[in-house]
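Trainee: First, the structure itself, so that you have it in front of you.
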Amino acid sequence: MAMKKVLVINGPNLNMLSIREPGIYGNQTLDEINTNITSYAKGLDIACDFFQSNCEGEIINAIHSVLKQYDGCIINAGAYTHYSYAILDAIKAVGKPFIEVHLSNVHAREEFRKTSVIAPACVGSIAGFGKNSYFLAVSAMKDLLK
Ligand code: DQA
């Protein structure tokens, strides 16, 4: 079977991993995590591309690119998760499988993090496992794309 293609999108402040609140988000850089995701996904016959932006519109354009270029998408929308109806609408527009990911357990933190406005457009959400949240999402995606 042909390799499936998955886009991994990271939103605002996730380029600051390893510097930003390491007690919550860990000591690894986003590049290091992405390298680990690439090897893990390869073992499952999935090719991952990566996109990070701090700008909502750029994230929306990346979501739109999933329509023609990818089989599915793993997204950590950062704080946009909690209030971006534009990102919700973009995911709905594309109609491919999206999995929501968070490094931290958003349900065990501040009240505003308990709401995800993008969750209804995603197949499911994985939160609280640090970088393993991404690996779990890749594994779930493998099953979805069978
Ligand atoms: C996050 C959780 C969000 O609440 C926060 O704004 C982030 C990171 C996570 O991965 O745990 O930027 O999405």
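Just so it is clear, none of the values below were taken in a lab; they were calculated from the coordinates. This structure is a prediction, so every number in the text was calculated from the model and none was measured. All Cβ positions, glycine included, derive from the backbone under ideal geometry; neighbour counts span all protein chains shown.
Trainee: Any idea how many residues of segment 4-33 are of a type in the set (Val, Ile, Thr) and either closer than 26 Å to Leu144 by Cβ or buried (at least 17 other Cβ atoms within 10 Å of the Cβ) (or both)?
Mentor: The number of residues fulfilling the criteria is 4.
Trainee: What are the residues in segment 116-135 that are within 13 Å of the ligand (Cβ to nearest atom), out of contact with any His (no Cβ under 9 Å at 6 or more places or on another chain) and not in a loop (DSSP other than H, G, I, E, B), if any?
Mentor: Ala119, Asn132, Tyr134
Trainee: Ok, one more. Could you tell me whether any residue of segment 72-90 is assigned to a strand (DSSP E or B), under 11 Å from the mean Cα position of the chain (by Cα), within 12 Å of the ligand (Cβ to nearest atom) and without any contact (Cβ under 8 Å) to a residue 40 or more places away in the chain?
Mentor: Looking for residues that are assigned to a strand (DSSP E or B), under 11 Å from the mean Cα position of the chain (by Cα), within 12 Å of the ligand (Cβ to nearest atom) and without any contact (Cβ under 8 Å) to a residue 40 or more places away in the chain, one finds none in segment 72-90, hence no.
Trainee: Are there any pairs, at least 6 apart or on different chains, whose C-beta atoms fall under 9 Å, with the first in segment 117-146 and on the phi > 0 side of the Ramachandran plot and the second within 13 Å of the ligand (Cβ to nearest atom) and in a loop (DSSP other than H, G, I, E, B), and if so, which?
Mentor: From segment 117-146, the pairs are Gly128/Leu103; Gly128/Ser104; Gly128/Asn105; Gly130/Gly26; Gly130/Gln28; Gly130/Leu103; Gly130/Ser104.
Trainee: Turning to a different aspect of this structure: Out of all the residues in segment 44-65, which are under 13 Å from the mean Cα position of the chain (by Cα) and within 14 Å of Pro97 (Cα to Cα)?
Mentor: Across segment 44-65, the qualifying residue is only Ile63.
Trainee: Considering only residues that are surrounded by 20 or more Cβ atoms within 10 Å (Cβ to Cβ) and within 12 Å of the ligand (Cβ to nearest atom), which ones fall in segment 95-115?
Mentor: Glu100, Val101, His102, Leu103
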